[in-house]
1. From the set of residues in region 23-44 that are under 11 Å from the mean Cα position of the chain (by Cα) and outside any helix (DSSP H, G or I), which is surrounded by the fewest Cβ atoms within 10 Å (Cβ to Cβ)?
2. Specify which of the listed residues (Leu5, Leu13) is modelled with pLDDT of 90 or more, more than 25 Å from the chain's Cα centre (by Cα) and surrounded by 10 or more Cβ atoms within 10 Å (Cβ to Cβ).
3. Scan region 12-60 for residues that are among the β-branched types (Val, Ile, Thr) and in contact (Cβ under 8 Å) with a residue 24 or more places away in the chain and report the count.
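The values are calculated or read from the model by the stated rules, or taken from the named source; none is laboratory data. Bear in mind that the values here come from a model prediction, so they are computed numbers and not experimental data. Ideal geometry is used to build each Cβ from the backbone, glycine not excepted, and the neighbour counts take in all protein chains shown.
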Amino acid sequence: MVVTLCFVCTWTLIIFGCYSFWVACKEGFTRIKKLHEIPCSRCQFFTGDYRLKCTVHPIKALSEDAIDCLDYEPQSYADMIARKSSLHKKNILSSKR
């Protein structure tokens with residue numbers, strides 16, 4: 001009787017643990033999907049500087065509030081590449097100090 005009870009309790013805990021893991025992963029993927037809708041990094045007004053992320057809406061920048069930003073202006077691909085390379089150079093120079 002005790003062995004059967006332990007067996008049932010063990011498998012119940014294992015099944016509950018797997019279910020909890022599944023639900024956590026599902027919620028995590030939903031959250032990540034939502035966060036990937038934030039357009040700030042592709043916006044013309046995004047500075048890439050942690051002190052002033054956006055020149056139009058600095059408080060909403062890089063948050064879920066920015067998903068439906070009315071002031072979003074997409075930047076060209078060439079501008080994005082130039083900005084990333086200049087930020088990369090700036091980070092290299094500041095790390096050498």
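1. The selected residue is His36.
2. Leu13
3. Number of matching residues: 1.
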